[in-house]
Amino acid sequence: MTTYDHAIDEWNPEVEGEETGRSAWDLQTEAQLGILMLDGSGSMSEEDKHFVDPETGRKGSKADAVAFATRVLFKRLYKSSRAPDIYLSVLCYDETDPREVRARPFQATDAQTVDQPAAFWNPLTGHGGYTPIDEALASAEALAAEWLAGESDDLERSVVIVLLTDGKNNRGVDPSVRVERLKQDRRITIATVAYGADAEIAHLQRWATGESNFAEIDDAETLRNVFVKSLAARD
């Protein structure tokens with residue numbers, strides 16, 4: 001069994017529709033914010049040769065595949081025993097202002113948000129330009145700082161930033177300085193995902209918090225598994 005499969009088995013009940021058995025009001029000792037940074041650059045409109053929309057039966061773009069994987073992740077996480085401890089933000093980025101409704105941290109037990117259609121999570125919605133990774137990381141850094149500021153003696157907080165791109169930083173400054181600053185905080189883990197052959201693998205490997213937090217993917221199913229692995233475990 002792969003690490004990804006193991007993580008999925010631990011997070012998801014075997015019986016479809018089974019509830020978590022936990023209340024959002026149970027005493028929490030730790031809360032985690034997962035920030036999914038989804039590349040909204042123009043190249044994400046290219047066809048994903050492996051993806052077929054299960055609802056329409058038609059082939060879709062890389063952005064469509066990402067949206068589908070994100071929606072499935074949230075639906076499965078909603079049923080997991082860890083759901084009350086997990087909060088999620090989605091930053092779909094290009095050079096435009098990334099402040100949007102999808103970036104609002106919401107609890108994984110929030111059924112209304114989890115039930116949003118795949119199109120809601122499509123990174124090209126309102127985007128389609130360049131790939132300014134440092135600017136996007138600045139937004140993630142601000143979200144992380146606000147989240148961690150709420151830590152107390154009774155409630156530990158942590159952040160997992162999952163950075164996905166199908167290319168490389170092509171606008172603004174080199175993100176490496178910001179990445180290293182983020183990694184100095186033991187409460188923050190950075191996972192990086194290279195989507196397809198054009199992603200700048202060397203940089204993404206270096207930016208990840210440890211070798212196990214870097215992944216190469218070329219299909220929606222693997223991406224969803226990577227999301228699960230990244231949010232399920234921290235180095």
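The values are calculated or read from the model by the stated rules, or taken from the named source; none is laboratory data. This one's a predicted model, so the numbers in the text were calculated from it and none came from an experiment. Because the Cβ atoms are built from the backbone with ideal geometry, glycine has one as well, and the counts that use them run over all protein chains shown.
Every condition in (1) assigned to a helix (DSSP H, G or I); (2) closer than 21 Å to Phe227 by Cα; (3) touching a Gly at 6+ places or on another chain (Cβ under 8 Å) is met by Cys92 except one, and the failing one is (1). Over 13 Å from the mean Cα position of the chain (by Cα) and more than 21 Å from Glu30 (Cα to Cα): is that true of Lys79 in this structure? So Lys79 does not fit the description; no. For Glu216, the conditions (1) closer than 26 Å to Phe51 by Cβ; (2) in a strand (DSSP E or B); (3) in contact (Cβ under 8 Å) with a residue 24 or more places away in the chain all hold with the exception of (3). Report yes if some residue within the range 147-158 is buried (at least 23 other Cβ atoms within 10 Å of the Cβ) and either in contact with a helix residue (DSSP H, G or I) (Cβ under 8 Å, 6 or more places away or on another chain) or of a type in the set (Gly, Ala, Ser) (or both); otherwise report no. Taking every residue of the range 147-158 in turn, none turns out to be buried (at least 23 other Cβ atoms within 10 Å of the Cβ) and either in contact with a helix residue (DSSP H, G or I) (Cβ under 8 Å, 6 or more places away or on another chain) or of a type in the set (Gly, Ala, Ser) (or both). Residue pairs whose Cβ atoms lie under 7 Å apart, separated by 6 or more positions or on different chains, with the first residue in the range 68-87 and in contact (Cβ under 8 Å) with a residue 12 or more places away in the chain and farther than 15 Å from Leu223 by Cα and the second of a type in the set (Lys, Arg) and outside any helix (DSSP H, G or I), are Ser81/Arg22; Pro84/Arg22.
Only residues that are polar (S, T, N, Q) and assigned to a loop (DSSP other than H, G, I, E, B) were counted across the range 145-160, and they come to 1.
The condition of being surrounded by 15 or more Cβ atoms within 10 Å (Cβ to Cβ), under 26 Å from Arg186 (Cα atoms) and within 17 Å of the chain's Cα centre (by Cα) holds for only one of Ala142, Ala108, that being Ala108.
Residues are listed down the side, and each one gets a yes or a no for (1) assigned to a strand (DSSP E or B); (2) at pLDDT 95 or above; (3) under 17 Å from Ser41 (Cβ atoms):
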residue: Leu143; (1), (2), (3): no, no, no
residue: Val162; (1), (2), (3): yes, yes, yes
residue: Asn169; (1), (2), (3): no, no, yes
residue: Val177; (1), (2), (3): no, yes, no
residue: Asp198; (1), (2), (3): no, no, yes
residue: Leu204; (1), (2), (3): no, yes, yes
residue: Ser212; (1), (2), (3): no, no, no
residue: Thr222; (1), (2), (3): no, no, no
residue: Val226; (1), (2), (3): no, no, no
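All of (1) in a loop (DSSP other than H, G, I, E, B); (2) surrounded by 22 or more Cβ atoms within 10 Å (Cβ to Cβ) hold for Val173 with one exception: (2). Going through (1) modelled with pLDDT of 90 or more; (2) buried (at least 18 other Cβ atoms within 10 Å of the Cβ); (3) assigned to a helix (DSSP H, G or I) one by one, Pro84 falls short only on (1). Suppose the filter is of a type in the set (Val, Ile, Thr) and either in contact (Cβ under 8 Å) with a residue 40 or more places away in the chain or surrounded by fewer than 21 Cβ atoms within 10 Å (Cβ to Cβ) (or both); does Ile190 pass it? Considered against the rule, which asks whether it is of a type in the set (Val, Ile, Thr) and either in contact (Cβ under 8 Å) with a residue 40 or more places away in the chain or surrounded by fewer than 21 Cβ atoms within 10 Å (Cβ to Cβ) (or both), Ile190 comes out as no. In a residue-by-residue description of the range 3-19, the property of being at pLDDT 90 or above, among the hydrophobic types (A, V, I, L, M, F, W, C) and buried (at least 19 other Cβ atoms within 10 Å of the Cβ) applies to no position.
The residues of the range 50-72 that are of a type in the set (Gly, Ala, Ser) and either out of contact with any strand residue (DSSP E or B) (no Cβ under 7 Å at 6 or more places or on another chain) or in a loop (DSSP other than H, G, I, E, B) (or both), listed by number, are Gly57, Ala63, Ala67, Ala69. Of all residues in the range 28-49, those satisfying the criterion of being of a type outside the set (D, E, K, R) and either assigned to a loop (DSSP other than H, G, I, E, B) or within 24 Å of Leu77 (Cα to Cα) (or both) are Gln28, Thr29, Ala31, Gln32, Leu33, Gly34, Ile35, Leu36, Met37, Leu38, Gly40, Ser41. I need a count of the residues in the range 95-134 that are within 23 Å of Leu155 (Cα to Cα) and either assigned to a loop (DSSP other than H, G, I, E, B) or hydroxyl-bearing (Ser, Thr, Tyr) (or both). Residues in the range 95-134 being within 23 Å of Leu155 (Cα to Cα) and either assigned to a loop (DSSP other than H, G, I, E, B) or hydroxyl-bearing (Ser, Thr, Tyr) (or both): 5 in total.
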